[in-house]
Amino acid sequence: MRPTIFAEMSALALATGAVNLGQGFPDDDGPESVKRVAADAILGGVNQYPPGAGIPALRRAIAAHQARHYGIDIDVEREILVTTGATEAIAAALLALVEPGAGVLTLEPFYDAYGALIALAGGEHVTVPLVPTADGFRPDLSALAEAAARPGVRVLLLNTPHNPTGAVLRPAELRAVAEAALRHDLLVVTDEVYEHLTFDGVAHVPIATLPGMAERTLTISSVGKTFSFTGWKVGWVSGPAELVDAVRSVKQFLTYVSGAPFQPAVAHALDLETLDPSADPEAGFVAELAASLAQRRDLLTGALEQAGMTPLRPEGTYFVIADAAALIARLGLADAAALCRALPELCGVVAVPVSAFTRPGSVTDAALRHHVRFTFTKSEATLEEAALRLPRLRA
Ligand SMILES: *Cc1c(COP(=O)(O)O)cnc(C)c1O
């Protein structure tokens, strides 16, 4: 098996002592009180198979979270499934809903697992460009309408806030997506793992809240990004009972059940914001994390500009994409992949070419050949070090 670009770049960071802004995992863990619940659960004997759908306390916490934030009403008995990370929810949903040969629509660039999972399900991956504009990356809505109409397309796999671009789909864009799904009777699987990590007052809107969409949408999230526990791998999917049931029948034979001692801890994490800060000083954890990420985004985008790149301002997630065409031309390199291989030596920083998130030969692949993704979910000290190093690129 060929190593992924992520493995190659992480190895390069290790070998050269470069600051690794390639892979997106936080330097700092999530709330202490949440860790405590997990540790107590292990020591207290919560170590055998939990219920297949997830423990009731976690299903109740997920339903309360969806009601509190979005006004979504979920039956905790039939409309929620706890999974092994969002990844398993996406995998099981695609395996359940995609017949061999059926088309699955995603935006492009896309989270790298999507291409592999669609292939695993035997689906045909159809993509719609996210286009770099002065207003960040925006979906090409006429391409979307056209792609949704293609014969054989059955499922639309959406991701907002979006990795790798940091785009947060606007209400008008979501309406266009919903309209395409309704017109062509598509099922929607929506990956909302960055739902709370948005900036500048931009709010995430779940597509399931749009008229006519709840009945055809599976909504997915997880503990990893919201609570800075990316290694815990507890996720969930909610939606109409018959769709959740189809996902459950696949999950049953993928992992059977998911991490027993983590489940009460994740329930506590989801309930944190309902607690009085005097009861738990970390009650405001998620809002503070989003505010701190926005500051770190600003620190990194400033440094990228000083280095001679053009960052496309993200409104959410852990990531910013920068257009490095001018830099690549000045250095006489071929593309962003070549730049990323040279970056550790040039300035002591590691990043990932956006081609890791495109399909070779696609329109988007060609359009984003000179674009590089950086993560800002690192400590301020790490980002300040990167900000000192990146301007070295400015000859
Ligand atoms: C990190 C990430 C995931 C994976 O979530 P897990 O809960 O760790 O499985 C899924 N989708 C996107 C877009 C991500 O960035």
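The values are calculated or read from the model by the stated rules, or taken from the named source; none is laboratory data. Since the model is a prediction, treat every value here as computed from it, not as a measurement. Counting neighbours? That spans all protein chains shown, and the Cβs are built from the backbone with ideal geometry, glycine included. Surface areas here come from the heavy atoms of the whole protein model, side chains and all, with no ligands, DNA or RNA. Shrake-Rupley method; radii C 1.70, N 1.55, O 1.52, S 1.80 Å.
Quick rundown of the values:
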quantity	calculated
Coarse-grained scattering of the chain at q = 0.09, 0.10, 0.13, 0.15 Å⁻¹, given as base-10 log I(q)/I(0) from a Debye sum over alpha-carbon atoms	-0.52, -0.65, -1.11, -1.42
Alpha-carbon gyration tensor eigenvalues x 5, square-rooted, for the stretch 70-221, Å	21, 19, 16
Three-way shape call for the stretch 147-281 based on the alpha-carbon gyration tensor, with the a/c threshold at 1.5	oblate
Full-stretch length increase - Ala342, Ser292 - with 0.36 nm per residue and alpha-carbon distance subtracted	15.0 nm
Linear extension gain, Glu242 paired with Arg359, 0.36 nm per residue minus alpha-carbon span	38.9 nm
Under the Karplus curve 6.51 cos²θ - 1.76 cosθ + 1.60, θ = phi - 60°, whole-Hz ³J(HN,Hα) for the stretch 124-134, x wherever Gly or Pro sits	9, 7, 10, 10, 10, x, 9, 10, x, 9, 5
Share of carbon and sulfur in the accessible heavy-atom surface of the stretch 249-292 [1.4 Å probe, %]	61
Ratio of Rg to Rh over the stretch 1-137 (Cα coordinates, Kirkwood Rh, two decimals)	1.03
For the stretch 196-210, 3J(HN,Hα) per residue [Karplus equation, 6.51 cos²θ - 1.76 cosθ + 1.60, θ = phi - 60°, Hz, x = Gly/Pro]	9, 9, 10, 10, 6, x, 6, 9, 6, 10, x, 5, 5, 7, 7
Peptides 381-387, 260-266, 228-234 ordered by average Cβ neighbours within 10 Å, highest first	260-266, 228-234, 381-387
The stretch 102-232, accessible surface, carbon-and-sulfur percent (1.4 angstrom probe)	56
The stretch 256-395: radius of gyration and largest Cα-Cα distance (Dmax), Å	19.0, 58
log₁₀ of I(q)/I(0) at q = 0.20, 0.25, 0.27 Å⁻¹ - the stretch 47-93, Debye sum with one point per alpha carbon	-0.71, -0.99, -1.06
FRET efficiency, Leu275 to Leu388 (Cβ-Cβ, R0 41 Å, nearest 0.05)	0.55
Burial ranking of peptide ranges 274-287, 134-147 (average Cβ count within 10 Å, highest at the top)	134-147, 274-287
Helix-derived mean residue ellipticity, 222 nm - over the chain, DSSP H n ≥ 4, -39500 (n - 2.57), to 500	-12500 deg cm²/dmol
Estimated distance in nm for a label pair at Tyr256 and Arg68, the labels positioned 7 Å out from Cα along Cα-to-Cβ	3.3
Per-residue ³J(HN,Hα) for the stretch 62-77, Karplus 6.51 cos²θ - 1.76 cosθ + 1.60, θ = phi - 60°, Hz, x for Gly and Pro	5, 4, 5, 4, 5, 5, 5, 8, 10, x, 8, 9, 10, 7, 5, 7
Average accessible area per residue (Å²) across the stretch 237-361 - probe 1.4 Å, nucleic acids and ligands excluded	39
Ordering of 8-17, 72-81, 55-64 by burial proxy (mean other Cβ atoms within 10 Å per residue, highest first)	55-64, 72-81, 8-17
Rounded if a/c under 1.5, otherwise prolate or oblate - the stretch 108-182, Cα gyration tensor axes	oblate
